[in-house]
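Heads up, the thing below is written out as structure tokens.
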Amino acid sequence: MNKEQEENITSKTYLCLHCGNETLMKKAGELKWGSNNEGSNSVFGFSSHYQMLFCPVCYKITLLETYSDEDMVDYDPFGEVNYYSRDTILYPVNTIDSNAMPENIKEAFESALKVRNIDVNACSLLLRRTLEIILTDQGATEWGLKKKIEEIATKGILPDSLKEASFFTKKYGDSAAHGKELTADESDIEKLVDFVKYIIEYLYIIPTKIQQFKKRIEQQEEQNG
Ligand SMILES: [Zn+2]
């Protein structure tokens, strides 16, 4: 390997969310941007380092952001200041871009997103778990997921279409847990991820957005007298 090629390899390993390998990756491109750059008018000190990484195992791309700012500081026992940074995988998408739901639901769903391309059984189980947490949060008290779905649907909280989507999630989750025949393939997993996402959107994200918009309209009407 010549020097030029060496410089294009990351110095530490990263997890590839496409294939699950944790490996050194090839840098296919990068961009640095921060408060020190000409053109930035931020008085708050920050820096973002974007790297497009290429997995040597599955040949797919990861977009990584390494972010640091003046608040991200630790003091060691000797009073030394250490700035730290945070790595976030922006692509493949593995987060839900909203805080409208409780943190445990967000965490459970994002755990499922992180393994969606890597392990279909693990993803099925995690989607089932996410659904169970959602239903409990919505006030389900019955024992067992089947009864919880029916309970929440009967209360009118979940419409028929999403009740059915919940049963699909349960079916694949149960099957993954018990090693049964019904195994999700990649395209099934895509759909199951979407179904749970629709449930989250319906129960948390859409009502929050509507409330925020309503508030905005009321404020404007008040100002206009
Ligand atoms: Zn890979």
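The values are calculated or read from the model by the stated rules, or taken from the named source; none is laboratory data. These figures come from a predicted structure and were not determined experimentally. Reconstructed Cβ throughout: ideal geometry from the backbone, glycine too, with neighbour counts over all protein chains shown.
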- Item | When residues of the stretch 64-87 are limited to those that are under 22 Å from the mean Cα position of the chain (by Cα) and crowded, with 16+ Cβ neighbours inside 10 Å, the one nearest to the ligand (Cβ to nearest atom) | Leu64
- Message: Of all residues being in a strand (DSSP E or B) and among the β-branched types (Val, Ile, Thr) in the stretch 8-29, which is surrounded by the most Cβ atoms within 10 Å (Cβ to Cβ)? Just the residue, please.
- Response: Thr23
- Go through Leu31, Leu15 for me and flag whichever is within 16 Å of the ligand (Cβ to nearest atom) and either at pLDDT 85 or above or not small (Gly, Ala, Ser) (or both). Leu15
- Task: Only residues that are aromatic (Phe, Trp, Tyr) and surrounded by fewer than 17 Cβ atoms within 10 Å (Cβ to Cβ): list them for the stretch 88-134, please.
- Result: Tyr91
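Mind telling me which of the residues Lys60, Lys32 ends up being surrounded by fewer than 15 Cβ atoms within 10 Å (Cβ to Cβ) and without any contact (Cβ under 8 Å) to a residue 60 or more places away in the chain?
It is Lys32.
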- Item | Test result for Tyr198, in a helix (DSSP H, G or I), under 23 Å from the mean Cα position of the chain (by Cα) and surrounded by fewer than 16 Cβ atoms within 10 Å (Cβ to Cβ) | yes
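Of the residues Ala176, Ala108, which single one is at pLDDT 95 or above and among the small types (Gly, Ala, Ser)?
Ala108
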- Task: Could you run through the stretch 19-28 and say how many residues are away from the ligand (no atom under 13 Å from the Cβ) and of a type in the set (Val, Ile, Thr)?
- Result: 0
